[in-house]
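Colleague: This is the structure, below, for whatever I ask next.
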Amino acid sequence: MQVINRNFFDHSFTWVEEVVSMAMVFITYMGAAMATINNSNTRIDFFIRKLPKPVYNVFEILDDVICIAFLVIITAWSYKLMLSNWSMVTPALRLPQGINYFAIMLGCILMIIFYLVLLWLHLNKLMGKDTTKAEEVLNR
């Protein structure tokens with residue numbers, strides 16, 4: 001629509017780039033949260049998978065804890081940036097600039113929740129409990 005409008009009517013929408021950039025941030029962080037709950041985040045665990053099951057579960061717990069700590073830091077920073085940029089508005093739509101940082105914060109909060117669920121599952125596995133039903137629910 002933007003291309004047609006620019007080429008045939010010699011006019012362009014000024015708000016399109018703003019919507020696209022905000023949508024890209026939301027889609028990125030919501031997709032990252034979805035990948036977290038599906039345990040689809042990119043990681044290299046070729047050698048870790050070769051370890052005995054209890055040792056592997058300890059590494060999974062360590063991975064969850066490190067990810068949660070990192071996400072807490074990112075959430076805190078995005079919260080500060082959201083507050084400091086909320087009073088600035090976008091030129092065309094007059095929306096707060098802090099919306100982008102809100103998307104980052106929301107995605108990180110969701111990922112923290114999902115990593116806590118995964119951490120609970122990994123702790124139960126380490127204690128020898130059966131987690132197949134919970135894993136089936138998560139993989140739906």
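The values are calculated or read from the model by the stated rules, or taken from the named source; none is laboratory data. These numbers were taken from a predicted model, which means no experiment stands behind them. Positions of Cβ are generated from backbone atoms using ideal geometry, with glycine treated the same way; all protein chains shown enter the neighbour counts. Only protein heavy atoms, including side chains, enter the accessible area calculation; ligands, DNA and RNA are left aside. Shrake-Rupley method; radii C 1.70, N 1.55, O 1.52, S 1.80 Å.
Colleague: Look at region 121-140 and say how many of its residues are within 21 Å of A33 (Cα to Cα), part of a helix (DSSP H, G or I) and modelled with pLDDT under 90.
Modeller: 5
Colleague: In addition: Could you tell me whether any residue of region 62-79 is assigned to a helix (DSSP H, G or I) and touching a Lys or Arg at 6+ places or on another chain (Cβ under 8 Å)?
Modeller: Looking only at region 62-79, we keep the residues that are assigned to a helix (DSSP H, G or I), and these are 62-79.
When the remaining residues are screened for being touching a Lys or Arg at 6+ places or on another chain (Cβ under 8 Å), the result is 63.
The answer is yes, given that some residue of region 62-79 is assigned to a helix (DSSP H, G or I) and touching a Lys or Arg at 6+ places or on another chain (Cβ under 8 Å).
Colleague: For A33, state whether it is open to solvent by less than 80 Å² (accessible area, probe 1.4 Å) and assigned to a helix (DSSP H, G or I).
Modeller: yes
This table checks each residue for (1) among the β-branched types (V, I, T); (2) more than 18 Å from K125 (Cβ to Cβ); (3) without any contact (Cβ under 8 Å) to a residue 60 or more places away in the chain; (4) open to solvent by less than 80 Å² (accessible area, probe 1.4 Å).
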{"site": "I4", "(1), (2), (3), (4)": "yes, yes, yes, no"}
{"site": "S12", "(1), (2), (3), (4)": "no, yes, yes, yes"}
{"site": "I37", "(1), (2), (3), (4)": "yes, no, no, yes"}
{"site": "V58", "(1), (2), (3), (4)": "yes, no, no, yes"}
{"site": "V65", "(1), (2), (3), (4)": "yes, no, yes, yes"}
{"site": "I68", "(1), (2), (3), (4)": "yes, no, yes, yes"}
{"site": "L71", "(1), (2), (3), (4)": "no, yes, yes, yes"}
{"site": "L83", "(1), (2), (3), (4)": "no, yes, yes, no"}
{"site": "W86", "(1), (2), (3), (4)": "no, yes, yes, no"}
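Colleague: Please go through region 100-136 and give me each residue that is touching a residue at least 60 places away in the same chain (Cβ under 8 Å), surrounded by fewer than 18 Cβ atoms within 10 Å (Cβ to Cβ) and under 17 Å from the mean Cα position of the chain (by Cα), ordered by number.
Modeller: L106, V117
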